[in-house]
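The values are calculated or read from the model by the stated rules, or taken from the named source; none is laboratory data. What you see is a predicted model; the values in this text were computed from it and never measured. No Cβ is skipped: glycine too gets one built from the backbone with ideal geometry, and neighbour counts run over all protein chains shown. The area values use the complete protein model at the heavy-atom level, side chains included, leaving out ligands, DNA and RNA. Shrake-Rupley method; radii C 1.70, N 1.55, O 1.52, S 1.80 Å.
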Amino acid sequence: MTSSPHAPQSVAYVRTEDAPILPPPANTTGLYGWARRNFLDSMTDFSDVGSSVRSVLMILLTAFLLWFGISQIWGLIKFVFIDGIWSNPTGARREACLTQAQGGLLPNDQTVGACWPYVAANAKLFIYGRYPMAELWRPNLVFLLLALGLVWTLWSRMPYRKIGAALMLVVFPMVAFVLLTGADLSAPKAFWYVWPLATAILLGLGWAGGKGMGGEAVKAFSGAFWGLGLFFAYILVFALAATMNWGLNSVTTRDWGGLLVTLVVALTGITASLPLGILLALGRRSTLPAVKILSVAFIEFWRGVPLITVLFMSSVMLPLFLPPGTSFNDLLRALIGVTLFASAYMAEVVRGGLQAIPKGQTEGAQSLGLSFWETTRLIVLPQALTLVIPGIVNTFIGLFKDTTLVSIIGMFDLLGQVSSTFADSSWATPVTRPTGYLVVAAIFFVFCFLMSRYSMSMEKKLRRGHAR
Amino acid sequence: MTVSAEEIDVDRSQMKVSDDVAIQITDMNKWYGQFHVLRDINLTVNRGERIVIAGPSGSGKSTMIRCINRLEEHQSGSIVVNGVELTGDLKRIDEIRREVGMCFQHFNLFPHLTILENCTLAPIWVRKMPKREAEERAMHFLSRVKIPDQAHKYPGQLSGGQQQRVAIARSLCMNPQIMLFDEPTSALDPEMIKEVLDTMVDLAEEGMTMLCVTHEMGFARKVANRVIFMDRGQIVEQNEPEEFFNNPQNERTKLFLSQIMGH
Ligand SMILES: Nc1ncnc2c1ncn2[C@@H]1O[C@H](COP(=O)(O)OP(=O)(O)OP(=O)(O)O)[C@@H](O)[C@H]1O
Ligand SMILES: [Mg+2]
């Protein structure tokens, strides 16, 4: 090499040999590199006064956080496992978790942790509420079907997942309803005349419009007629199943409680609020003024009112508007309230996704002759929903935790059911409440954490699809 | 970037203009709010014509060709495509869009679908073609635009030129009678422009009716049978390419040509 590239007077430079390909410096990779980048660098710099002060502060802060975190975790482990009361050989009740000085069985010098005998004795109550003991196989079967269905539809390696999803969305709700309530309800006679007729008319219009018969309006809305008709047909089938006598004892929803109620409310809310939210979001962007105004009004109303108020009003005010003598099931009220409430939030999340899709996508689809609904379903929604998975799951998790509010209208969800045992004097000990709340927190955490992890894995998978 | 005419090799033997009218635009006007964007447009396109539309930025070129497949709505006058008049009737609009393909400046491929799925989507849903047949068709057109080996990739994994060729193949899968191009090469690097223009030349050689907004004057000279110059929402001048480039009549055309040929 005759001329150095650094020589200021020379402009021309020709490389004659390739520079060697080297591994990265050792202190930038591996565990040490990671530690160095993330904290060691910021606390070992004593080159001047300012950096020294900063380093000392960082060391102190790190030490404090380590001490604080570890002591908290240790405290929890100690309370749950080490000090926890795990055995109860005599089958005692509150005495099992009280020291002798407090009137119990434990030695006076023992620190008493979580009272597991209390949880064991109340486990059925926590899971099923006051569901009749002899019928527990019914909720158990529902739980089992639910678990199998979720694995089938959500696990990407399972075959025929679409069939699984269809079964879970269409058949499972009916099966669960029949099993849990016992069905054999009665519907007003008029229903059996009006509903099938309405269903037939809607499906007929949808079919005729699709075949190009009927007026312009029939043609333009044939998709909507189909959709509504199928929905009506589903309600009809549901009503048939609900009014049939399946030979099961009926169990009133007043006896449902605990995790069962939490899951029923949360799952209904989750499955119903997503489609409803999508429809509302599309409605809000519609060019038809009536559709747009209705959607906006709906969304703003439900977002503007606290859920507690919604639930209160549904139990206090709704009966005022209904004809006297008619009753409206508490659980159904809670379901509707929670679903509508969540769908308003969902609508705004989905709308955020819709807005992020460039106009060129719709134009590309339209220029190929795809209709509005085809464009929406095949091009816009898949991309928009993928973008807002974090927001959707956020809403799901919020909804799951909001189910605890149904205790306001006298339903016993998991939290309500556990709280109800705090009044039970046979289990009154100083550790009963902490134990109960810990159990509730753990169960909620597991469900919410699973949702969060699942959404993250799904995001990763979908993003791999159209990596830029 | 303009590819010079010498680089494009064109076989004109199959390019025949028939007497059949493909598109008829009569006294068409369009406004954006108060802004009169298209003024008194009259244009007849026969089957087999290759028309290049040129003009300064903002002159309404995109707006005009987007009116032809109703991506934009016109307010007065009439547009008749394949004998069907464009009105608010959604069914008729879909009918026309099936027969009119369009390629955009930014390709507008669907990023969540593979190249193959991009190409089979419309045939399957709009033409109700069986999946197998649609895939065979898509592979046929992907080979024609010379990228059959990319069929299972996603659009984001392709170069700009490849993406635009996929977009052309995607349109061709619908078997359109008319193709609209809105600056198909202006988002591309010079080396990719040629591969896209070659594809368009192939199409022209097979007798496709084409309307093409482009600044590629080499393409216009060699392939077009008519060049239209637009300015301020009006068609200012149109002529055969030779005459248009060598002997422009209107002052604005002259100014425009001197500007784009100047460098
Ligand atoms: N959606 C819109 N709303 C209002 N004005 C618009 C809209 N789209 C385009 N315009 C205006 O209409 C005029 C014509 O636009 P158009 O996109 O057709 O121009 P063009 O000839 O294609 O220009 P370019 O070469 O830059 O693409 C421009 O002045 C533009 O500002
Ligand atoms: Mg343009």
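Quick notes on this one:
- Complete set of residues in segment A:305-317 that are open to solvent by 60 Å² or more (accessible area, probe 1.4 Å) and part of a helix (DSSP H, G or I): A:308, A:312, A:313, A:316
- Among the residues of segment B:14-42, those identified as in contact with a helix residue (DSSP H, G or I) (Cβ under 8 Å, 6 or more places away or on another chain) and either of a type in the set (A, V, I, L, M) or farther than 17 Å from residue B:70 by Cα (or both) are B:14, B:15, B:23, B:25, B:28, B:37, B:38, B:41.
- Exclusive hit being touching a Ser or Thr at 6+ places or on another chain (Cβ under 7 Å), within 30 Å of residue B:36 (Cα to Cα), open to solvent by 20 Å² or more (accessible area, probe 1.4 Å) and more than 9 Å from chain A (Cβ to nearest Cβ), set B:88, B:77: B:77
- Given (1) in contact with a Phe, Trp or Tyr (Cβ under 9 Å, 6 or more places away or on another chain); (2) crowded, with 17+ Cβ neighbours inside 10 Å; (3) assigned to a helix (DSSP H, G or I), index of the condition residue A:416 fails: (1)
- For the residues A:141, A:146, A:167, the requirement of being outside the structural domain of residue A:234 (by TED's automatic domain parsing), within 28 Å of residue A:417 (Cα to Cα), surrounded by fewer than 18 Cβ atoms within 10 Å (Cβ to Cβ) and free of Cβ contacts under 8 Å to residues at least 60 places away in the same chain singles out A:141.
- Meets criteria (more than 11 Å from chain A (Cβ to nearest Cβ) and either touching a Cys at 6+ places or on another chain (Cβ under 6 Å) or within 16 Å of ligand 2 (Cβ to nearest atom) (or both)) for residue B:137: yes
- Residue B:166 away from every other protein chain (no Cβ under 14 Å) and either open to solvent by less than 20 Å² (accessible area, probe 1.4 Å) or more than 16 Å from ligand 1 (Cβ to nearest atom) (or both): no
- Considering only residues in segment B:177-189 that are open to solvent by less than 10 Å² (accessible area, probe 1.4 Å) and within 11 Å of chain A (Cβ to nearest Cβ), the one that is farthest from ligand 1 (Cβ to nearest atom) turns out to be B:179.
- Those strands (runs of 3 or more DSSP E) lying entirely in segment B:18-81 with at least 2 residues of a type in the set (Phe, Trp, Tyr) and more than 16 Å from ligand 2 (Cβ to nearest atom): none
- Selection of first residues in segment A:47-64 that are at pLDDT 90 or above and of second residues that are assigned to a loop (DSSP other than H, G, I, E, B) and open to solvent by less than 90 Å² (accessible area, probe 1.4 Å), restricted to Cβ pairs under 7 Å at least 6 apart or on distinct chains, gives an empty result.
- Failed item in (1) facing chain A (nearest Cβ under 9 Å); (2) open to solvent by 20 Å² or more (accessible area, probe 1.4 Å); (3) more than 21 Å from the chain's Cα centre (by Cα), with residue B:97 passing the rest: (3)
- In segment B:137-162, the residue that is surrounded by the fewest Cβ atoms within 10 Å (Cβ to Cβ) out of those that are assigned to a helix (DSSP H, G or I) and of a type in the set (D, E, K, R) is B:149.
- Matching residues in segment B:37-62 - criterion: being open to solvent by less than 60 Å² (accessible area, probe 1.4 Å) and either within 14 Å of chain A (Cβ to nearest Cβ) or near ligand 1 (Cβ under 10 Å from one of its atoms) (or both): B:37, B:38, B:53, B:54, B:55, B:56, B:59, B:60, B:61, B:62
- The condition of being under 22 Å from residue A:402 (Cβ atoms), more than 14 Å from every other protein chain (Cβ to nearest Cβ) and assigned to a helix (DSSP H, G or I) does not hold for residue A:291.
- Annotation note: Cβ proximity below 7 Å between a residue of segment B:230-241 that is more than 14 Å from chain A (Cβ to nearest Cβ) and acidic (Asp, Glu) and a residue that is away from ligand 2 (no atom under 16 Å from the Cβ) and open to solvent by 20 Å² or more (accessible area, probe 1.4 Å) (sequence gap 6+ or interchain) occurs for B:231/B:252; B:237/B:248; B:237/B:249; B:237/B:250; B:240/B:225; B:240/B:226.
- Filter result for residue B:210 (away from ligand 1 (no atom under 16 Å from the Cβ) and surrounded by fewer than 22 Cβ atoms within 10 Å (Cβ to Cβ)): no
- Within segment A:366-386, the set of residues being more than 7 Å from every other protein chain (Cβ to nearest Cβ), open to solvent by less than 40 Å² (accessible area, probe 1.4 Å) and within 13 Å of residue B:93 (Cβ to Cβ) comprises A:375 only.
- Taking the criterion of being of a type in the set (Gly, Ala, Ser) and farther than 14 Å from residue B:28 by Cα, the residues of segment B:52-71 that qualify are B:54, B:55, B:57, B:58, B:59, B:62.
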